[in-house]
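Below is one structure, written out as structure tokens; the observations come after it.
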Amino acid sequence: MKRLVLACAIVIAAFVIAVAPRHKVRAAAQDFQITSLNCSSVPGQVQITNLNKITAPGSPSALGFLAIAFSQPGSSIIQTFPINNLIGGGGGPFSVLPGGSVNLQVGVGAVQAPATPGGTLASNQTLAITSQALLQPGTIVSLIDQNPANTVTFDSESCPLLGLSRTLTVSTLGFDLIAPTQPNTSCGPDLAGGNIPTQVLPGPCFTIANALAFARDGDTIIVESGIYEVCTTMEVSKIVTITAGSNVTAGNAKTILHSFSGQTVFHVTTIGAAVGPSGQSTHAALNGLTIGGAFRPGQAAILLDGDAYTDVTNNVLGGEQLNNPNFTGEPCPPTQQPLPPGFGFTTPAFTTKQEVFGNAASIILQNSDHPNISNNSILGSSIFKFAPLLTPGDSSTGFGIVTSECLGLAPDASDSVTIGSNLIDRNVNAGIWLCSDGGGFHQIKNNFIRNNGRGILLRAIADSTLDNNTVSNEYQDGIIIYDAANNNTISNNTVESHRTSGAAGIRVGGFGASLFPLQTVLTNNRLLRNWSGIVIAGARNTAATGNTITAEDVRTAILLQVGATGSPIVTQPSGTVFHQNQIVANGTCGAQQGCAVRLDSFVTVTSDFTQNNFGLPGDADLNTVLWHKPNDPALGYINAGQGVGPGPSSGNNGSSQTPTPGASQTFTPCVSPNFPPGCTTTPGTGGNNGSGNGGNNGVGNPCIVPGFPTGCVPTPTPTRTVQ
């Protein structure tokens, strides 16, 4: 009987166990779940929450073997961080109450707060996991139970594939530190009046440098109006836009950045792209800022160094002096970093200070690819000295836009530079000076360039276009193409008032170079009131059409020179062709001054100047405005359509009669339907010395009119010699 009762009890117990509800038993690490993932903030944040609802209320779950892991898209590398082991301050092992959360910070600025957490973490405790920027688009974030007996990955979330752009604000009323050791990583919007920055509402940052440290690709940094002292060069290596606030671009105020120690303000190394997905930034941009004070030799407001597609737009770069009525030196040494009220920081007293605002160079290019420099005011300063000879490496101040090779800093191969619609004014050595061994494809268009030492200089630059610029009142030359430059086009520019003795509106070749430009094209330019309109010195195959070139008094419209007087044979301006230009001289013509076209000493080649309009009366002698072989047998010949060889002849516009060498000749003019009244088509007897077209030594009225039909060929007739 007892055995039967025992057997029944065992069966009943087994049944009860079998049908009783089963409670899910979870390891402590697996009590946690990712409840929030913010990949766009800096630092990023992963919130984990203890979701264990089975444990009795108030009973914490230990972090134990809990770890967090990061896997980047396309990579097999997984970076894992044991959370319990990273908590500093003592008091462990650590645990979290049911329903409680812990905020794990990942990236630059990650901090633990409070510093001493205790064994059971308070809800929303902040823990620093790593300062590495691991929360990138597409990153997989996982929780792992690293129990040696059975390692399990049990929860995962992913960052969005497209980075989320943010706006960071910088203000003279902001703070980079919201507590003595707690950086402002958000650079939030302005706080309401009287509010003190907190971790949740930190307000703006105080410096652009701090905003850059916590910015991510695609972010915009808005810099509100005010004067900012820049302590050290700011490194721009991210795809960010740094722009003046809306109140600045509306013209109500200025965002002024002053280099505290004369160093470069922005060093941009961002490699961007021309286009990308809609709505996304694809390259770095500096917009609407006023930047100055980079006065030390070789320094610049902006250095574009190995970057690509950077925009530099709507800025004011340089100037004479900055009147700073609120100078404190903050945050540069020896002052300390400003802190919000309550931390014992004393704001330095304001003082008015006159600060140097000139830049040694406004923009330096160093292997920059496709930069866009547009709509800026690029202003020089009188604190720099003019260099009579502008030699690469010898001068390092007084420039608007310049390449590092010109300054002797480093080789340059900048390509496809766009310089458009800028005002470039009062740079004592040059507005634009680009030097490169092979760089080119630049577009320099629609700029106003004035009052500089020189206007635009291209040294050894290829395949570039200078179009529709106004270049005026430079102390020396307006536009210079020199050294091993080739295939450059100068078109539709107005170049005027370069009146210093020896200055040229456009100079092709020379300038102390040992090599000379090839195949320069000049089209539809207007050159007015220059000492010399165009100088071609040793350059080969220069072609000009549709230009208007004037010269008054002792000035010269076009001057041809050898590239080097020590090597005249190999530095001739050969292949020079000017067709369909208006070339007008209104003054004297001699070996050293004046003339529509003048050959300088040692020039021996023949140049093609046919089909031009020299602005002379129909019966005028073209040779009166040319200086060449008829004037000096050692010189070459300017073929303006007046014939080949020495000797005067009549006509202009490339359609005058062609003299045949020999003594005592007259010539039949080209037949025209529009003869002057009373003229005779039968010329009289010509005088000696090839004076032709005269009747009986000047008696008679030959039929010579301007604009003879194209292609007419005069037929010389013999005359008798008059003793």
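The values are calculated or read from the model by the stated rules, or taken from the named source; none is laboratory data. Quick caveat: nothing in here was measured; it's all calculated off a predicted structure. Counting neighbours? That spans all protein chains shown, and the Cβs are built from the backbone with ideal geometry, glycine included. We work out accessible area using only protein heavy atoms, side chains counted, and drop any ligands, DNA or RNA first. Shrake-Rupley method; radii C 1.70, N 1.55, O 1.52, S 1.80 Å.
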(message) Just to confirm my numbers, what's the Cα centroid distance between segment 573-588 and segment 461-476 in Å?
(response) 20
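By accessible area of protein heavy atoms, probe 1.4 Å, what ranking do 394, 31, 608 get, highest first? Please list the in-between numbers first.
Values: 394 115, 31 5, 608 45 Å².
My answer, sorted largest first, is 394, 608, 31.
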(message) Just to confirm, what accessible area per residue do you get for segment 100-255 at 1.4 Å probe, in whole Å²?
(response) 43
(message) What does the C-alpha gyration tensor say about the overall shape of segment 601-644? Classify as rounded when a/c is under 1.5, otherwise prolate if a/b is larger than b/c, or oblate.
(response) prolate
(request) Between residue 190 and residue 140, take the C-beta separation as r, use R0 = 60 Å, and let me know the FRET efficiency to the nearest 0.05. (result) 0.95
(message) Going Cα to Cα from residue 353, which aspartates and glutamates come in below 16 Å? Please leave out same-chain ones fewer than 8 positions away.
(response) 229, 320, 330
(request) State, to one decimal in nm, how far the label point of residue 296 lies from the label point of residue 326, with both points 7 Å from Cα in the Cβ direction. (result) 2.8
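As an exercise, take the mean of 1/r over every pair of distinct alpha carbons in segment 119-160, invert it, and state the Kirkwood radius in angstroms. Write out the running numbers ahead of the final one.
On the way: mean 1/r = 0.0777 Å⁻¹.
Hydrodynamic radius (Kirkwood, Cα only) of segment 119-160 equals 12.9 Å.
In whole Å and largest first, what semi-axes does the C-alpha gyration tensor of segment 157-305 yield when each eigenvalue is scaled by 5 and square-rooted? It would help to have the intermediate numbers written out before the result.
Values: eigenvalues 106, 96, 44 Å².
Ellipsoid half-lengths, sorted descending, are 23, 22, 15 Å.
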(message) Take residue 437 and residue 349, extend 7 Å from each Cα along the Cα→Cβ direction, and tell me the distance between the two endpoints in nm.
(response) 5.8
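How compact is segment 441-553 by the rule of thumb for globular proteins, expressed as Cα Rg over 2.2 N^0.38 Å? If you can, show how the numbers build up before the last one.
Values: Rg = 12.3 Å, N = 113, 2.2 N^0.38 = 13.3 Å.
Compactness ratio reported: 0.93.
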(message) Net charge around residue 539, counting only other residues with Cβ within less than 11 Å of its Cβ (Lys, Arg = +1; Asp, Glu = -1)?
(response) +1
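Estimate the FRET efficiency between residue 131 and residue 473 by the formula 1/(1 + (r/R0)^6), using the beta-carbon distance for r and 51 Å for R0, to the nearest 0.05.
Working: r = 55 Å, r/R0 = 1.07.
Efficiency, rounded to the nearest 0.05: 0.40.
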(request) Multiply the residue separation of residue 122 and residue 545 by 0.36 nm, subtract the distance between their alpha-carbon atoms, and state the gained length in nm to one decimal. (result) 144.1 nm
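When the chain is fully extended, how far beyond the present Cα-Cα distance does residue 75 get from residue 605, taking 0.36 nm per residue of separation? Walk me through the intermediate numbers first.
Working: separation 530, 0.36 × 530 = 190.80 nm, distance 6.73 nm.
Here the answer is 184.1 nm.
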(request) Provide the three semi-axes, in whole Å and in decreasing order, of the ellipsoid equivalent to segment 121-225 as defined by the square roots of 5 times the Cα gyration tensor eigenvalues. (result) 33, 18, 11
(message) Regarding segment 357-399, what's the average projected area of the Cα-atom convex hull, expressed in nm²?
(response) 4.0
(request) May I have the convex hull volume per residue, in Å³, for the Cα set of segment 28-158? (result) 98
(request) Please say if segment 538-587 is rounded, prolate or oblate, where rounded means a/c under 1.5 for a ≥ b ≥ c the square roots of the C-alpha gyration tensor eigenvalues, and otherwise the choice is prolate for a/b larger than b/c and oblate otherwise? (result) oblate
(request) Please list the radius of gyration and Dmax for segment 170-257, considering alpha-carbon atoms only, with Å as the unit. (result) 12.7, 37
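How large a share of the accessible area of segment 131-195, in percent, is made up of carbon and sulfur atoms when the probe is 1.4 Å and the other protein chains stay in place? Display every interim value, and only then the final one.
On the way: 1800 of 3320 Å².
Carbon and sulfur: 54 percent of the exposed surface of segment 131-195.
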(request) Using only the Cα atoms of segment 407-484, construct the convex hull and provide its projected area averaged over every direction, in square nanometres to one decimal. (result) 4.7
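Just to confirm a number: summing +1 for Lys and Arg and -1 for Asp and Glu over residues other than residue 324 whose beta-carbon lies under 10 angstrom from that of residue 324, what do you get? Mind dumping the intermediate values first?
Details: positive: 353; negative: 229, 355.
With Lys, Arg at +1 and Asp, Glu at -1, the neighbours total -1.
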(request) In square nanometres and to one decimal, what's the mean projected area of the convex hull around the Cα atoms of segment 358-455? (result) 5.3
